[in-house]
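Just so it is clear, none of the values below were taken in a lab; they were calculated from the coordinates. Model, not experiment: these values are computed from the prediction. Every residue, glycine among them, receives a Cβ derived from its backbone with ideal geometry; neighbour counts consider all protein chains shown.
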Amino acid sequence: MKSRKKKKEFYTEYTARNALKNGSFIVRLSAIVFGLGCLVHKQIAKGILYLTSEILLIVYMVQTGFYNLSKFRTLGDVEQQKVWNEAKSLYEYVDGDRSLIILLYGIVTLSLILVFFLIAKSSLKQAYRLECQSKKGEQILTLKQELKELLNGNLHITLLTFPVLGVLMFTILPLVFMISMAFTNYSVEGNKLVLFDWVGLENFRKIFDFGDSLGQTFWSVFGWTMVWAVVATFSNYILGMLLALFINWKEIRAKKMWRFCFALTVAIPHFVTLLIIKSMLQPEGAVNILLRNLGLIGATQSLPFFTDATWARVVVILINIWVGVPYTLLQVTGILQNIPTELYEAARVDGAGPIVTFMKITLPYMLFVTTPYLITTFTGNVNNFNVIFLTTEGLPRSVGSTAGKTDLLITWLYKLTIENQYFDVGAVVGIMTFVTLTIVSLVTFTFSGSNRNEEAFR
């Protein structure tokens with residue numbers, strides 16, 4: 001029923017299908033000669049704009065587009081060559097194909113081809129709309145009137161045009177470019193940094209092959225990333241909520257002072273806090289020196305905060321609690337203060353104690369309101385580059401491995417691409433991270449009370 005209502009609400013008869021089925025020859029020809037319908041119905045300026053866009057796209061395709069597509073199939077096959085110059089009596093280097101540029105230009109060309117068909121569809125629909133309006137005797141707006149309408153009835157188009165173009169150019173296009181790398185052998189291995197090829201699903205096969213060293217590394221890092229994300233998310237959430245409840249307790253005095261103290265830690269940039277903690281936990285850092293002076297460890301001993309895998313993982317979780325709990329405290333405090341007091345009064349009348357009140361009123365209310373926050377926090381922890389890279393740098397690392405014991409997928413991705421130049425595998429890791437977060441976020445929110453029982457909760 002809902003889908004039918006939506007269809008009726010956004011229904012329009014001026015579709016491309018109706019135009020091809022019921023439109024005149026001029027209407028159908030408008031899909032080939034852009035703007036023809038506009039020109040016939042005296043919308044000269046709009047018709048010229050349509051026609052100009054078609055001419056520009058055709059000129060681009062003739063000059064460089066078809067060449068880019070021909071190279072896109074192989075990503076180039078001409079290597080840089082050394083040629084003897086008789087006049088200068090020396091060797092000169094002649095540039096060969098650069099696969100990365102070919103890949104980029106190929107994607108841009110395919111995008112422009114898609115734009116070409118979208119403009120053709122728009123021209124077809126516009127011609128059909130003008131023809132129908134002409135037959136019905138309705139007024140056909142001039143270009144000036146349509147521009148005025150963009151500030152009135154069609155204001156949403158004006159407001160959304162530039163944001164949508166920005167998302168397409170600076171988000172969608174780079175994402176497609178990155179995803180395309182996953183199907184190539186663009187890496188330092190085999191000297192494929194300048195000239196590389198399509199390899200299909202070979203990189204994905206390596207990732208899912210438990211017998212391959214790359215596959216073993218991926219699943220080890222993936223497992224730790226999931227453990228880290230769950231523990232980091234719920235440790236911050238639970239401790240932050242308990243701290244907020246404690247400060248909000250009526251017996252506690254100077255509530256504003258305590259909240260200010262924790263809010264002050266948020267004001268300090270994370271990277272400053274993380275670098276200071278890293279310095280303090282070094283073998284010759286303040287913590288180890290203090291323990292030696294107190295006689296708790298030997299004069300030459302140091303606790304392996306960053307050199308032992310188990311210690312390092314526990315340390316980064318504790319560091320994340322230190323920098324993350326104040327954020328949760330501020331979030332939860334606002335929610336606690338908005339829980340209806342009538343619920344607590346009714347529970348007190350019924351004889352419910354503090355624990356029952358918390359489990360039956362406070363916790364359900366908190367979970368209902370903060371489920372989206374938990375999802376975004378989980379996503380943020382999966383991609384929590386700063387806490388790991390600025391403290392342990394992913395260490396300790398096994399011999400011959402590109403990933404350390406505390407590396408997350410995001411920090412391993414950085415090392416694969418920036419430090420080791422395995423761009424093909426890095427693209428696969430990026431895709432797998434995106435797919436995992438999408439599935440977890442959608443499933444969690446779909447089955448949460450925030451989505452399913454909103455009206456019932458109220």
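General observations
- Cβ charges +1 (Lys, Arg) and -1 (Asp, Glu), total dipole of region 274-433, debye: 240
- Degrees between helix 270-280 axis and first principal axis of the chain (Cα, 0 to 90, nearest 10): 40
- Spin-label pair LYS360/LEU318, simplified geometry with 7 Å Cα→Cβ offset, distance in nm: 3.9
- Applied to region 209-220, the Karplus parametrisation 6.51 cos²θ - 1.76 cosθ + 1.60 on θ = phi - 60° returns per-residue 3J(HN,Hα) values of 8, 5, x, 8, 4, 5, x, 5, 5, 4, 6, 5 Hz, with x for Gly and Pro.
- The dipole here belongs to region 133-285: it is taken about the Cα centre, uses +1 on the Cβ of Lys and Arg and -1 on the Cβ of Asp and Glu, and is about 900 debye.
- Placed amide H near THR184: partners under 5 Å, 5+ positions off or other chain: VAL199
- In order along region 231-247, phi translates into HN-Hα couplings of 5, 5, 5, 7, 5, 5, 5, 5, 5, x, 5, 5, 5, 5, 5, 5, 5 Hz, rounded to whole numbers, per the Karplus curve 6.51 cos²θ - 1.76 cosθ + 1.60 with θ = phi - 60° and x for Gly and Pro.
- Efficiency of FRET from Cβ geometry, LEU165 and THR12, R₀ 35 Å, rounded to 0.05: 0.90
- The residues HIS156, HIS270, when put in order of fewest to most other Cβ atoms within 10 Å, stand as HIS156, HIS270.
- Helix 44-60 and the long axis of the chain differ in direction by around 80°, with both axes built from C-alpha atoms.
- In Hz, Karplus ³J(HN,Hα) per residue of region 322-332 (6.51, -1.76, 1.60; θ = phi - 60°; x = Gly, Pro): 4, 8, x, 4, x, 5, 5, 4, 5, 5, 6
- Amide H to amide H distances under 5 Å link ARG397 with LYS405, where only residues 5 or more positions off or on other chains count and H is placed in the peptide plane.
- Global form of region 244-383, assessed from the alpha-carbon gyration tensor, a/c cut-off 1.5: prolate
- The distance from the alpha carbon centre of region 314-363 to that of region 276-313 is 35 Å, rounded to a whole number.
- Charge dipole (region 71-228, unit charges on Cβ, about Cα centre) - positive-most of TRP84, LEU110, MET178: LEU110
- Straight-line cross-link partners of LYS192 among the aspartates and glutamates, defined as a Cα under 17 Å from its Cα and at least 8 positions apart when in the same chain: ASP77, GLU79, ASP95, ASP97, GLU202, GLU419, ASP424.
- The ranking of ASP197, ASP95 from fewest to most other beta carbons within 10 Å of each one's beta carbon is ASP95, ASP197.
- Reachable aspartates and glutamates from LYS121, criterion Cα separation under 13 angstrom, eight or more residues apart if same chain: GLU54
- Overall, the chain carries a charge dipole of about 1820 debye about its Cα centre when +1 sits on the Cβ of Lys and Arg and -1 on the Cβ of Asp and Glu, all other atoms neutral.
- Shape call, region 203-457: gyration tensor on alpha carbons, a/c limit 1.5: oblate
- Shape call, the chain: gyration tensor on alpha carbons, a/c limit 1.5: oblate
- Between the listed residues SER30, THR142, GLY47, the Cα displaced farthest toward the positive end of the dipole of the chain, a dipole computed from Cβ unit charges relative to the Cα centre, is found at THR142.
- Count, lysine Cα pairs under 20 Å in region 203-457, 8 or more residues apart or across chains: 5
- Note on the chain: dipole from Cβ charges, positive end direction compared against ASN288, GLY223, ASN381; the farthest Cα belongs to ASN381.
- Ellipticity estimate at 222 nm from DSSP helix runs (n ≥ 4, -39,500 (n - 2.57)) divided over the chain, nearest 500: -20000 deg cm²/dmol
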